[in-house]
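Enquirer: Just passing along the structure, written as structure tokens.
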Amino acid sequence: MSHSASKSPLKPDTRLAHAGRDPNSFHGFVNPPVVHASTVLYPDVETMVPGGQKYSYARRGNPTTDSLEDALRELEGAAGVKLANSGLNAVALALLSCVKSGDHILITDTAYQPTRHFADTVLPKFGVTAEYYDPKLGADIKTLFREETSAVFTEAPGSLTFEMQDVPAIAVAAHEIDATVLMDNTWATPLFCQPLALGVDLSIQAGTKYIVGHSDAMLGTVAASERAWKGLYDIHGAIGSHVAPDDVYLGLRGLRTLSVRLERHQRNTLAVLDWLKDQPQIEAVSYPALESDPGFAIWQRDFTGSSGLCGFDFKAGTTKEQAGVFLNALTLFGLGYSWGGFESLAIPARLKGMRTATSYDETRCSVRLHIGLEDPEDLVNDIKQALARAFG
Ligand SMILES: Cc1ncc(COP(=O)(O)O)c(C=O)c1O
């Protein structure tokens, strides 16, 4: 199986620099204009009534949104892309585009918690039932299929616990019953994983993370395969989804440097984890790009790189208070519920209420780290002094 769904003969880095740009359309300026707009004027009623021009009303798109959608369509090898005002909004759009009343959908137990919240609280209002499944299920996902199963949602690696999924095997099984396959691919971005090449129909990005890349805007994107595109296009228009042009522009701007930033996130993360895994206070580190990780074989088969989000478990017996002292003592890692920017971050990884199809050790003390673009030696020293504070 090819790693890339893109039909472009150009290499990914070249596509990142050129996709979605047409300077000749904008007087030679390298970047497209940021179009602040609502109304679009028509020259005459003869053009207006049959809708005879490219743009009709800004909610449906403008040259700035087209530029980002075109760039992502090329990168993802998609039939079409729609933008959303956050990653969670992209998840909601994607799910709404492929379900109807009476449907049953399957969601990985390791999905981002607000994805579960949407599936548990909004979808039931419209007669859609979500069931959670063990992320380790590959082709065996079919044992959970019902006559009314219409979608399978995947996310790899899993939120907080970093399990990889056999997405191609799930996609083959799902397509046998004509179900739509979705993947939250925020961790790898379309640069390091191409969901559509793995058989996914709706590839979701919280663009807030690595695409924007600077912690200064919220954005979501959904890239659709041929079979899923009409559903996505229709629901996007029907619910009036729109992203402000300044935020779209920040996404476009971030995209151009995605490759160099991710390469550094990857290098720094490997350096920090290589040191961290051997510390006496640490039980295990979680990062599928490490040979010791249970997801390594799948990562190596399906992904071409890794990013800066990883986790670790303290040794058994570590108290929540000790973990708290550790987190409070960090000086270069901010405490914040996001990731994907240039800066390092940490959060306590609490799973309570976030797993229903699989079990987890409630006594385990875990931390999620985002390794930023700082010098890894400084990050290691910061973790070292915080461990010393917490453990003496
Ligand atoms: C894997 C994943 N998907 C989706 C989202 C949601 O993105 P946003 O915060 O832009 O709504 C997040 C946010 O942390 C995430 O980690």
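The values are calculated or read from the model by the stated rules, or taken from the named source; none is laboratory data. Fair warning: this is a prediction, and the values are worked out from it, not measured in the lab. Here the Cβ positions follow ideal geometry from the backbone for every residue, glycine too, while neighbour counts run over all protein chains shown. Surface accessibility is based on the protein's heavy atoms, side chains included, excluding ligands, DNA and RNA. Shrake-Rupley method; radii C 1.70, N 1.55, O 1.52, S 1.80 Å.
Enquirer: Regarding Thr363, is this residue more than 16 Å from the ligand (Cβ to nearest atom), among the hydroxyl-bearing types (Ser, Thr, Tyr), open to solvent by 20 Å² or more (accessible area, probe 1.4 Å) and at pLDDT 95 or above? First the steps, then the outcome.
Expert: Numbers: more than 16 Å from the ligand (Cβ to nearest atom): yes; among the hydroxyl-bearing types (Ser, Thr, Tyr): yes; open to solvent by 20 Å² or more (accessible area, probe 1.4 Å): yes; at pLDDT 95 or above: no.
Criteria not met by Thr363.
Enquirer: Could you list, ordered by first residue, the pairs with Cβ atoms under 7 Å in which the first is in region 73-95 and over 17 Å from Thr208 (Cα atoms) and the second is basic (Lys, Arg) and more than 9 Å from the ligand (Cβ to nearest atom), at least 6 apart or interchain?
Expert: Glu74/Arg15; Leu75/Arg15; Gly77/Lys7; Gly80/Arg73
Enquirer: Oh, and also: I need a count of the residues in region 132-147 that are open to solvent by 50 Å² or more (accessible area, probe 1.4 Å) and more than 20 Å from the chain's Cα centre (by Cα).
Expert: As a first pass, look at region 132-147 and keep what is open to solvent by 50 Å² or more (accessible area, probe 1.4 Å): 136, 140, 142-143, 146-147.
The next check asks that each one be more than 20 Å from the chain's Cα centre (by Cα); those that pass are 140, 142-143, 146-147.
The number of residues fulfilling the criteria is 5.
Enquirer: I'd like the full set of residues that are without any contact (Cβ under 8 Å) to a residue 40 or more places away in the chain and either within 10 Å of the ligand (Cβ to nearest atom) or open to solvent by 10 Å² or more (accessible area, probe 1.4 Å) (or both), limited to region 157-181.
Expert: Those that are without any contact (Cβ under 8 Å) to a residue 40 or more places away in the chain and either within 10 Å of the ligand (Cβ to nearest atom) or open to solvent by 10 Å² or more (accessible area, probe 1.4 Å) (or both): Ala169, Val172, His175, Glu176, Ile177, Asp178.
Here is a yes/no grid of residues against (1) within 22 Å of the chain's Cα centre (by Cα); (2) loosely packed, with under 12 Cβ neighbours inside 10 Å:
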| site | (1), (2) |
| --- | --- |
| Phe29 | no, yes |
| Val35 | no, no |
| Asp66 | yes, no |
| Leu95 | yes, no |
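Enquirer: Something else: So which of Gly336, Gly317 is without any contact (Cβ under 8 Å) to a residue 24 or more places away in the chain and out of contact with any strand residue (DSSP E or B) (no Cβ under 7 Å at 6 or more places or on another chain)?
Expert: Values: Gly336 fails: out of contact with any strand residue (DSSP E or B) (no Cβ under 7 Å at 6 or more places or on another chain).
One residue alone meets the criteria, Gly317.
Enquirer: State all residues of region 295-316 that are open to solvent by 70 Å² or more (accessible area, probe 1.4 Å) and within 30 Å of Ala388 (Cβ to Cβ); if no residue qualifies, say none.
Expert: Answer for region 295-316, where residues must be open to solvent by 70 Å² or more (accessible area, probe 1.4 Å) and within 30 Å of Ala388 (Cβ to Cβ): Lys315, Ala316.
Enquirer: Any idea which residue in region 366-387 is most open to solvent (accessible area, probe 1.4 Å), counting only those that are assigned to a loop (DSSP other than H, G, I, E, B) and either closer than 19 Å to Trp187 by Cβ or in contact with a Cys (Cβ under 7 Å, 6 or more places away or on another chain) (or both)? Spell out the reasoning first.
Expert: Applying the first criterion (assigned to a loop (DSSP other than H, G, I, E, B)) to region 366-387 yields 371-375.
So of that shortlist, the ones also either closer than 19 Å to Trp187 by Cβ or in contact with a Cys (Cβ under 7 Å, 6 or more places away or on another chain) (or both) come out as 371-373.
Values: Ile371: 0, Gly372: 0, Leu373: 55 Å².
Checked region 366-387; the qualifying residue most open to solvent (accessible area, probe 1.4 Å) is Leu373.
Residues are listed down the side, and each one gets a yes or a no for (1) open to solvent by less than 10 Å² (accessible area, probe 1.4 Å); (2) under 18 Å from Leu252 (Cβ atoms); (3) within 12 Å of the ligand (Cβ to nearest atom); (4) in a loop (DSSP other than H, G, I, E, B):
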| residue | (1), (2), (3), (4) |
| --- | --- |
| Met183 | yes, no, yes, no |
| Thr208 | no, yes, yes, yes |
| Gly213 | yes, yes, no, yes |
| Asp216 | no, yes, no, yes |
| Arg227 | no, no, no, no |
| Gly231 | no, no, no, no |
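Enquirer: Further question: Among the residues of region 12-33, which ones are assigned to a loop (DSSP other than H, G, I, E, B) and closer than 21 Å to Asp247 by Cα?
Expert: In the first step, residues of region 12-33 are kept if they are assigned to a loop (DSSP other than H, G, I, E, B); the result is 19-22, 27-33.
Ala19, Gly20, Arg21, Asp22, Phe29, Val30, Asn31, Pro32, Pro33 - these are the residues of region 12-33 that are assigned to a loop (DSSP other than H, G, I, E, B) and closer than 21 Å to Asp247 by Cα.
Enquirer: Which of the residues spanning region 233-254 are farther than 30 Å from Val99 by Cβ and either open to solvent by less than 30 Å² (accessible area, probe 1.4 Å) or in contact with a Cys (Cβ under 6 Å, 6 or more places away or on another chain) (or both)? Give the steps one after another, and end with the answer.
Expert: Narrowing region 233-254 to residues farther than 30 Å from Val99 by Cβ: 245-246, 249-250, 252-254.
Within region 233-254, Pro245, Leu252, Gly254 meet the criteria.
Enquirer: Collect the residues in region 114-156 that are out of contact with any Asp or Glu (no Cβ under 6 Å at 6 or more places or on another chain), farther than 16 Å from Leu93 by Cβ, assigned to a loop (DSSP other than H, G, I, E, B) and within 16 Å of the ligand (Cβ to nearest atom), keeping them in residue-number order.
Expert: Ala156
Enquirer: OK, next. Return the residue satisfying two criteria in turn: it lies in region 71-88 and is near the ligand (Cβ under 9 Å from one of its atoms) and within 14 Å of Met183 (Cα to Cα), and of such residues it is surrounded by the most Cβ atoms within 10 Å (Cβ to Cβ). Before the answer, list the steps.
Expert: Of the residues in region 71-88, the ones near the ligand (Cβ under 9 Å from one of its atoms) are 84-88.
When the remaining residues are screened for being within 14 Å of Met183 (Cα to Cα), the result is 87-88.
Values: Gly87: 26, Leu88: 19.
Filtering first and then ranking leaves Gly87.
Enquirer: Considering region 185-206 alone, what residues qualify as being assigned to a loop (DSSP other than H, G, I, E, B) and more than 15 Å from the ligand (Cβ to nearest atom)?
Expert: As a first pass, look at region 185-206 and keep what is assigned to a loop (DSSP other than H, G, I, E, B): 185-188, 193-194, 199-201.
Matches in region 185-206: Gln194, Gly199, Asp201.
Enquirer: Can you tell me which residue in region 304-331 is nearest to the ligand (Cβ to nearest atom), limited to those that are more than 29 Å from the chain's Cα centre (by Cα) and part of a loop (DSSP other than H, G, I, E, B)?
Expert: Ranking the candidates gives Thr318 first.
Enquirer: Let me ask something else. Can Thr189 be described as closer than 22 Å to Leu123 by Cβ and crowded, with 21+ Cβ neighbours inside 10 Å? I'd like the intermediate steps shown before the answer.
Expert: Numbers: closer than 22 Å to Leu123 by Cβ: no; crowded, with 21+ Cβ neighbours inside 10 Å: yes.
No; evaluated as a whole, the condition is false for this residue.
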